[in-house]
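As structure tokens, the structure follows; a few thoughts come after it.
The values are calculated or read from the model by the stated rules, or taken from the named source; none is laboratory data. Computed from a prediction, not measured in an experiment: that's the story for all the values here. Neighbour counts are summed over all protein chains in view; Cβ atoms, including those assigned to glycine, are modelled from backbone coordinates with ideal geometry.
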Amino acid sequence: MTQLMQVLNDCKTNGRKALIVYITAGYPDYQTTVAAVLAAAAAGADVVEIGMPFSDPMADGPVIQKAATAALKAGATTEQTLKAIREIRKTSTIPLVIMTYINIVLQYGKAKFINNFSAAGIDGLIIPDMPIEECDILQAECNETKLNLIQLAAPTSTAQRIGKICAKASGFIYCVSNTGVTGVRSVDYSSIGDVIKIIRQHSNLPTAIGFGIGSPEAACQAAQYADAVIVGSAVVQRLTDGGVPAVGNFVAEIRHVLDKEGKKY
Amino acid sequence: MMPIKNGRFGQYGGRFVPETVMPALIELEQYYQQLKGDKEFQQEFDLYLKQYAGRPTNLYYAEQLTRHYGRAKIYLKREDLLHTGAHKINNALGQALLAKRMGKKRIVAETGAGQHGVATATVCALFGLACTVYMGEEDMERQALNVFRMRLLGAKVVPVTSGSGTLKDATSEAIRDWVTNVRDSHYIIGSVVGPHPYPMIVRDFQAVIGQELKLQLKEKNNADPDYLVACVGGGSNAMGLFYPYHDNPRVKKIGVEAAGHGLTTNSHAASLTHGRPGVLHGAYSFLLQDDDGQVIPAYSISAGLDYPGVGPEHSYFKQAGIVEYTAVTDDEALAAFQRLSRQEGIIPALESSHALAYLETLMPQTKEDQIVVVCLSGRGDKDVQMVAQLLEGKI
């Protein structure tokens, strides 16, 4: 069992809604990335998603696009991100998940990518442009290194697809809250709630809702339907506006409200 | 029959897209397979191609150009004579009819030079569909007239500033829009690129080019052509010309990419001749990218070839040796642009000028009893202003 699954299971046992925080690697530089991950962990994040920038991120909205473009301009590379992860692992055991696009993995070499990042202490991998039809590309390597290849479900996923997604899923199931790209917006979480009801018929894995969550209140609304919530663009925006301390404060705020309100559900 | 399972042409192609749009791609594929065998749909499509777009396009014997080289006979497949001025209307019509059958009320498209955007805006006006076209900010400046055309036709043109602000970013933005509005919108992609089933659908709608050519050559009592030449950006006009001949190795097929300022510079768009396989916009295919897999913006004087990827079936054709791919520079294309204007009184699009430029290399190798067919994919009116600036004082 990965550290990721251990932590998410413990949260479930203790009635704690897990908080997953997204940070763009190398934005605005790697020193900040390491500090921001550690600050998020200290402020009560249960898992950190490290977004590896890609030049053409089709699932991302303006905030994460801009962060990725800036990181690439500043010289972000796969090798540098690997180094940053090793740095984080010197002082923290927080579960880490990589989110990136398939071309980044393929060009580094898929076996090398999975081996190196697994050895550096990554628990899981999210590839938003790799649906179940294509995920066999990485499945064998992930199984071998015991890395969780995290599957995504969307409000448009049919019941039949949800069954197939659950069959392939590992770690947790990433539930995309609305049709759209990443970015803060007002969302009716009940529609992904319906998807999660179907997931529950097929899988006991933890569920996490992401896309659109931009405030402690939104996190609480989403948490009604799932075991975890993922906050991305809003965190990256805090990092842009107020640096590492702003990330810590924002994560602490969500954590506080989730602990207070989240238990009601 | 390609594509095989999961939309693969050999190892190329596939569906590398967010889960949100996967159900829509599967639905599109099912609908399309149904309509492919539907006589009524095919008749409707044929009728619009004939009466609205102006098919069949002429197969024109370019006598002056033939005399200029003094070798094989050169024929031009005149896609430039179609309504809206390029082959793009073939696909736009087919996909709009498909969208209508699927009950979609809104169309999303991307455009580079504006040809596909204009073709899409045109068919949306015709069929009463709402239309949103994404276009790079830089391209909107370069092709201001096409922006006006699209707006005149009732389309909403949205400037794209993300990334490099060109066709690849406009494509990403169109996909993002489609991901968001997938329930009521259909995405009309402009070339044989993107996730399965798009490369197959666009190929089938463009294959009318090569199918007509077969009939026209038969009528002229000619045998098969010896050479087919077409320009390749995403590769839709080339695919349309080549595909009906893909299983005939006696017909040599040459795809001409944009070498921009030269292949030794970083300013070109030659993904097949100078890139390596990777994933962009939902498909695994040849791609201009750095060591880390970051996409390198393409460059060409021709906005329609200015794309860092290429259709996955072209990657397969390259690997299987079915088509030969080469590249010509901006300067060579500009020379061909002027040559055809002077010798045949036909101003070709800068895209098509790349195919014409390759005749300089090809023709000396041909014999008098052979036949060369060049796909004149579009007319050059849209390029005249820019070429005028470039050639000022030189004509």
Residue list for region B:296-320, filter: touching a Cys at 6+ places or on another chain (Cβ under 7 Å) and free of Cβ contacts under 8 Å to residues at least 40 places away in the same chain: none
Which numbered condition A:ILE162 fails, given (1) surrounded by fewer than 20 Cβ atoms within 10 Å (Cβ to Cβ); (2) within 11 Å of chain B (Cβ to nearest Cβ): (1)
Do we find a residue being over 25 Å from B:TYR187 (Cα atoms), touching a residue at least 40 places away in the same chain (Cβ under 8 Å) and not hydroxyl-bearing (Ser, Thr, Tyr) anywhere in region B:42-60? yes
Could you list, in sequence order, all residues of region B:211-252 that are surrounded by 18 or more Cβ atoms within 10 Å (Cβ to Cβ), in a helix (DSSP H, G or I) and either at pLDDT below 95 or of a type in the set (Gly, Ala, Ser) (or both)? B:SER236, B:ALA238, B:GLY240
Residues of region B:121-179 classified as polar (S, T, N, Q), in contact with an Asp or Glu (Cβ under 7 Å, 6 or more places away or on another chain) and within 14 Å of chain A (Cβ to nearest Cβ), total: 5
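Yes/no per residue for (1) modelled with pLDDT of 95 or more; (2) under 17 Å from the mean Cα position of the chain (by Cα):
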site	(1), (2)
B:GLN319	yes, no
B:GLU332	yes, no
B:ALA336	yes, no
B:GLN343	yes, no
B:ALA355	yes, yes
B:GLN365	yes, no
B:ILE371	yes, no
B:GLN385	no, no
B:GLU392	no, no
Which of the residues spanning region B:5-23 are touching a residue at least 12 places away in the same chain (Cβ under 8 Å), more than 7 Å from every other protein chain (Cβ to nearest Cβ) and either assigned to a helix (DSSP H, G or I) or hydrophobic (A, V, I, L, M, F, W, C) (or both)? B:GLY7, B:PHE9, B:VAL21
Test set (1) crowded, with 24+ Cβ neighbours inside 10 Å; (2) over 17 Å from B:SER285 (Cβ atoms) - B:GLY255 fails condition number: (2)
Among the residues of region B:286-313, count how many are within 14 Å of chain A (Cβ to nearest Cβ), of a type outside the set (A, V, I, L, M, F, W, C) and within 17 Å of the chain's Cα centre (by Cα). 4
Using beta carbons and a limit of 6 Å, which pairs, at least six apart or on different chains, have the first residue in region B:269-285 and more than 7 Å from chain A (Cβ to nearest Cβ) and the second one aliphatic (A, V, I, L, M) and in a helix (DSSP H, G or I)? B:ALA269/B:LEU305
When only residues in region A:91-103 that are β-branched (Val, Ile, Thr) and surrounded by 23 or more Cβ atoms within 10 Å (Cβ to Cβ) count, which is farthest from B:LEU280 (Cα to Cα)? A:VAL97
Restricted to region B:283-303 and to residues being part of a loop (DSSP other than H, G, I, E, B), more than 15 Å from A:VAL105 (Cα to Cα) and of a type outside the set (Val, Ile, Thr), the residue modelled with the highest pLDDT is B:LEU288
Is there a residue in region A:134-147 that is more than 21 Å from A:PRO95 (Cα to Cα), out of contact with any helix residue (DSSP H, G or I) (no Cβ under 6 Å at 6 or more places or on another chain) and buried (at least 24 other Cβ atoms within 10 Å of the Cβ)? no
The listed residue being at pLDDT below 95, on the phi < 0 side of the Ramachandran plot and of a type outside the set (Gly, Ala, Ser), out of B:MET150, B:MET140: B:MET140
